[in-house]
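Laboratory data are not the source of any read-out in this text; all were calculated from the coordinates shown. From a predicted model like this one, the values you see are computed outputs, not experimental measurements. Virtual Cβ from ideal backbone geometry, glycine too; neighbours counted across all protein chains shown.
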Amino acid sequence: MKTLIKNIKELVQVEETPRLKVCGKDMASIKTIKNAYLIIDGDKILSFGTMDSLQEQTFDKEIDATGRMVFPSFCDSHTHLIYAGSREIEYIDKIKGLSYEEIAQRGGGILNSAKRLQQATEDELYDDAMQRLNEIIAYGTGAVEIKSGYGLTTEAEMKMLRVIRRLKENSPLTIKSTLLGAHGVPMEYRGRQGEFVDVVINEMIPQAAAEGLADYIDVFCDKGFFTVDETARMLEAGAKYGMRPKIHANEMACSGGVQVGVKYNALSCDHLEFVEDAEIEAFLNSECMPTVLPGAAFFLNMQLSPVRKMMNAGLPVAMASDFNPGSSPSGNMQLIMSFACVNYRMTPEEAINATTINSGYAMGVSDVLGSIAVGKKANLYITKPIPSYEYMPYSYGNNKVETVVLNGKVIK
Ligand code: NIG
Ligand code: FE
């Protein structure tokens, strides 16, 4: 099956020589082709170029994109989109002045979600999550990482991971799964946190591995959550089963999370509101993608990650939605680009690199997704008629995506 998309006003984020990530100053540029065509063969990108170089041939399907732009789909490398019930009551508490940590300390937050998730059936969780996946597809996401972490018992964590497996089987999205057994300490383990860490190590990790349920392992390594030593123990246990870390770090403080993540060859360290020179140094000597979650920083009104400083130091930066009921109840990656530009003073080009190729790297898929390149998977979207690619982050809060192509097929 060959599909032609023709008369594309501008084909955005094109790569002749594909890279796995884009670092430092290189983040400031993207390649585009004006008045372009793109040919899809099966589920892959076959070729692209300017309209005047398009050779006469027949296609099974033609799409006229006059006035519209084509972008590679977003890669959303950090979400918790399997959950039971929303948490707007805590949202009100936060407005009235309680901090995220205070809410967590009194059994709200992650523990609140865990209580509800433990009671939900696998089918309920699956149906809700599938609906959320369909929502983010419509906003242009083509790949998503999904974490467990609202189970907090071995049984409920495995339930979450099995839901992710079903989503992988049935959704057109490219999905990666992460075991986040150490997301919070259950009430009954308060004061004996080490024993809960043992449960993660002795039960959750081996069971997830035995069923092949987790691509990655995550730990919430931060002040008030898991310590560096506990994190090291869990990452070491995960490594024995080939689970590479993608960790939550430095949201509350310079907690040593980045350093321990880098030590265990993390694919990404995420949040990063607190980053000093030592963290930058650690990232520079690593293959780890610094990943910022602008939705959570916005929603919790937190101090912002020093993104410019990291890029000036030569680091790559990725951005993801953190879609979850507590700190970022939205998976809209177009909005994440707007936050990138307005709050972090990134240019539209930097925001595009952060949410496509670099976030693709942060979930281990940038070899096949994250840019328009020959041989890559045809996950892309066609915009509504828009004046420029800068319009994407500029025009915030509304959906500029008109047509979605995943695995070479038009699905919206
Ligand atoms: O990434 N920071 C840790 N975990 C999630 C929030 C989870 C929640 O509050 O439910 C996050 O922001
Ligand atoms: Fe998160």
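Odds and ends about this structure:
- In order through the range 126-137: 3J(HN,Hα) via Karplus (6.51 cos²θ - 1.76 cosθ + 1.60), integer Hz, x for Gly, Pro: 5, 4, 4, 5, 4, 5, 5, 4, 5, 4, 6, 4
- The Cα atoms of the range 239-283 give a gyration tensor whose axes a ≥ b ≥ c have a/c of 1.5 or more with a/b greater than b/c, which makes the shape prolate.
- Sorted largest first, extent of the range 68-141 alpha carbons per principal axis (Å): 48, 31, 18
- Residue-wise HN-Hα coupling along the range 72-85, computed from phi with Karplus coefficients 6.51, -1.76, 1.60 (Hz; x: Gly, Pro): x, 4, 5, 10, 9, 8, 8, 9, 10, 8, 9, 7, 10, x
- Ordered by the number of other Cβ atoms lying within 10 Å of each residue's own Cβ, fewest first, Phe298, Phe48 fall into the sequence Phe298, Phe48.
- Length released on extending from Asn343 to Lys309, taking residue separation times 0.36 nm less the Cα-Cα span: 10.8 nm
- Set of aspartates and glutamates near Lys409 by C-alpha distance (under 17 Å), chain-local residues within fewer than 8 positions excluded: Asp41, Asp43, Asp60, Glu62, Asp64, Glu169
- With the simple model of a label 7 Å out from the Cα in the direction of the Cβ, Glu62 to Asp277 spans 6.2 nm.
- In a DSSP loop and with at most 14 other Cβ atoms within 10 Å, the GluC sites (Glu not before Pro) in the range 108-215 are Glu211.
- Cross-link pairs beyond the 29 Å C-alpha cut-off, checked among Lys263/Lys309; Lys9/Lys412; Lys6/Lys309; Lys176/Lys223; Lys115/Lys168: Lys6/Lys309
- Cα gyration tensor shape of the range 74-361, rounded if a/c is under 1.5, else prolate or oblate by comparing a/b with b/c: rounded
- Partners for Lys94 among aspartates and glutamates (Cα-Cα distance below 17 Å; same-chain residues under 8 apart left out): Glu102, Glu251
- For the range 362-371, backbone phi angles converted through the Karplus equation (6.51, -1.76, 1.60; θ = phi - 60°) give residue-by-residue couplings of 5, 10, x, 10, 6, 6, 10, 9, x, 7 Hz, Gly and Pro being listed as x.
- Chain lengthening between Val410 and Asn7 when straightened (0.36 nm per residue, less Cα-Cα): 143.4 nm
- Förster radius 35 Å - calculated FRET efficiency between Asn170 and Asp93 (Cβ-Cβ, nearest 0.05): 0.45
- Across the range 112-269, counting alpha-carbon atoms alone, Rg and Dmax equal 15.2, 45 Å.
- Each part gets one Cα centre, and for the range 235-253 versus the range 154-191 those centres are 15 Å apart.
- Rounded Å value of the spacing that divides the Cα centres of the range 77-146 and the range 270-347: 20 Å
- For a modelled paramagnetic label at Lys384, 7 Å from Cα along Cα-to-Cβ, the residues of the range 63-83 in reach, with backbone nitrogen under 15 Å, are 67-69.
- Across all directions, the average flat footprint of the convex hull enclosing the Cα atoms of the range 246-366 is 6.5 nm².
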